[in-house]
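Participant: This is the structure, below, for whatever I ask next.
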Amino acid sequence: MSTTKPFKVLIAHTDVPPEGIEILKEQCEILQVINEPPKNRPEILEKIRGAHAVIWGGRDILNAEILDAAGPQLKAVSTMSSGINNVDVPELKKRGIPLGSTPAMLTVAVADLTVGLLIAAARRFQEGRRKIDSDKWDKDHLNWMLGQDIRDSTVGFYGFGGIGQAVAKRLMGFDIKRMLYTTRNRVSQDIEERFNAKKVDFETLLAESDFLIIASPLTKETLGLFNATVFNKMKETAVLVNVGRGKIVNQDDLYEALKSNRIFAAGLDVMDPEPLPSNDKLLTLDNVVVTPHVGYATRRTRVDAANLASRNVLKGLAGEPMLSPAY
């Protein structure tokens, strides 16, 4: 009795949790890269030959070169991320190859970190730690290190999809006053009522938000949108949090706005470039809290994403709609 499995699947990253790979093993022969990125592209080009599907990770781009190396039998691709910036989407569409992604699996972890950044920036965590490190703890003044209150504040969302709504859910416990959001399309009335949220134009969002959370994808319209002109329309007490994409914010303009106290503070999990150099001028400021794009980085999130990516691939191999299609 033959034990040959009908499909070959390339796991194109070393860090895919074994729980996800296990899902594939009944039907698929598993090929896995062993070299760490970014030096594993030659290995990928070799091992993907004859593969029927691939789980793609990392920053390297899955493009025509990779697809040509795979061959015409390639039937399915899934990332383990919410974004698909590491995939040449038009090329996959041209070849009729379905693409899966895993945004829902990342929502909870990113939302938790967003609230953390909001609090850390509003309450001056970075500056406070530097005061301790430099022996400048002031015990004598009652108005030392005063931050911004979340209670009774207006929280604005630029982008109010899954992550934005998950953040809103968490902030409901902070007794905030109201939520505003700017999106292309209005969310359902049920969602608006649940979060006491109101769709407003961009100008209103800037003028009225005490906290402004960027939870939007990077598009031609959002590239560099948050610039000096925008910061000058925000409250001087405003806190900006970006968990969308770094290029949505003009970082030079943000630096000037923070340095001049044109806005109060910022919390960033995404920036431009990534990795951010350790000598970047933004890191010299007290009123910015930066985390190294780790919004998704919990053990459970990675396992859940791997499981969903594998199930996406199995659906694609079966000629069925993926559980979480990217398009």
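Participant: Within the stretch 138-161, does at least one residue satisfy the condition of being modelled with pLDDT of 95 or more and closer than 23 Å to Arg302 by Cβ?
Facilitator: Looking through the stretch 138-161, at least one residue is modelled with pLDDT of 95 or more and closer than 23 Å to Arg302 by Cβ.
Participant: Given the condition in a helix (DSSP H, G or I) and at pLDDT below 95, answer yes or no: does some residue in the stretch 129-137 qualify?
Facilitator: So far as the stretch 129-137 goes, no, none of its residues is in a helix (DSSP H, G or I) and at pLDDT below 95.
Participant: Next up: Step by step: first the residues of the stretch 78-102, then only those that are buried (at least 21 other Cβ atoms within 10 Å of the Cβ) and out of contact with any strand residue (DSSP E or B) (no Cβ under 8 Å at 6 or more places or on another chain), then the one that is modelled with the highest pLDDT. Which residue is that?
Facilitator: Ser81
Participant: Six or more apart or on different chains, Cβ under 7 Å: which pairs go from a residue in the stretch 8-33 that's crowded, with 18+ Cβ neighbours inside 10 Å to one that's acidic (Asp, Glu)? Could you list them?
Facilitator: Filtered contacts from the stretch 8-33: Lys8/Glu29; Val33/Glu43.
Participant: I need every pair where a residue in the stretch 280-300 that is closer than 18 Å to Gly116 by Cα has its Cβ under 7 Å from the Cβ of a residue that is among the aromatic types (Phe, Trp, Tyr), sequence separation at least 6 or different chains.
Facilitator: Asn287/Phe264; Val289/Phe125
Participant: Go through the residues of the stretch 243-266 one by one and say whether even a single one is among the polar types (S, T, N, Q) and within 20 Å of the chain's Cα centre (by Cα).
Facilitator: yes
Participant: Among the helices (runs of 4 or more DSSP H) lying completely within the stretch 1-119, list those that include at least 1 residues that are closer than 30 Å to Gln165 by Cβ.
Facilitator: 18-24, 89-95
Participant: Name the residue, out of Leu317, Leu308, that is among the aliphatic types (A, V, I, L, M) and in contact with a strand residue (DSSP E or B) (Cβ under 7 Å, 6 or more places away or on another chain).
Facilitator: Leu317
Participant: So Leu314 passes all but one of these: (1) in contact (Cβ under 8 Å) with a residue 40 or more places away in the chain; (2) part of a helix (DSSP H, G or I); (3) closer than 23 Å to Val110 by Cα. Which condition number does it fail?
Facilitator: (3)
Participant: Here's something else I'd like to know. Quick one: Arg302 ticks every box in (1) under 22 Å from the mean Cα position of the chain (by Cα); (2) closer than 30 Å to Asp149 by Cα; (3) open to solvent by 30 Å² or more (accessible area, probe 1.4 Å) except a single one, so which number is it?
Facilitator: Looking at each condition in turn, Arg302 falls short on (2).
Participant: Can you say whether Glu65 is over 26 Å from Glu274 (Cβ atoms) and at pLDDT 95 or above, as far as the supplied structure shows?
Facilitator: no
The values are calculated or read from the model by the stated rules, or taken from the named source; none is laboratory data. If you're wondering where the values come from, they're calculated on a predicted model, not measured in any experiment. Because the Cβ atoms are built from the backbone with ideal geometry, glycine has one as well, and the counts that use them run over all protein chains shown. All accessible areas refer to the heavy atoms of the entire protein, side chains included, with ligands and DNA or RNA removed. Shrake-Rupley method; radii C 1.70, N 1.55, O 1.52, S 1.80 Å.
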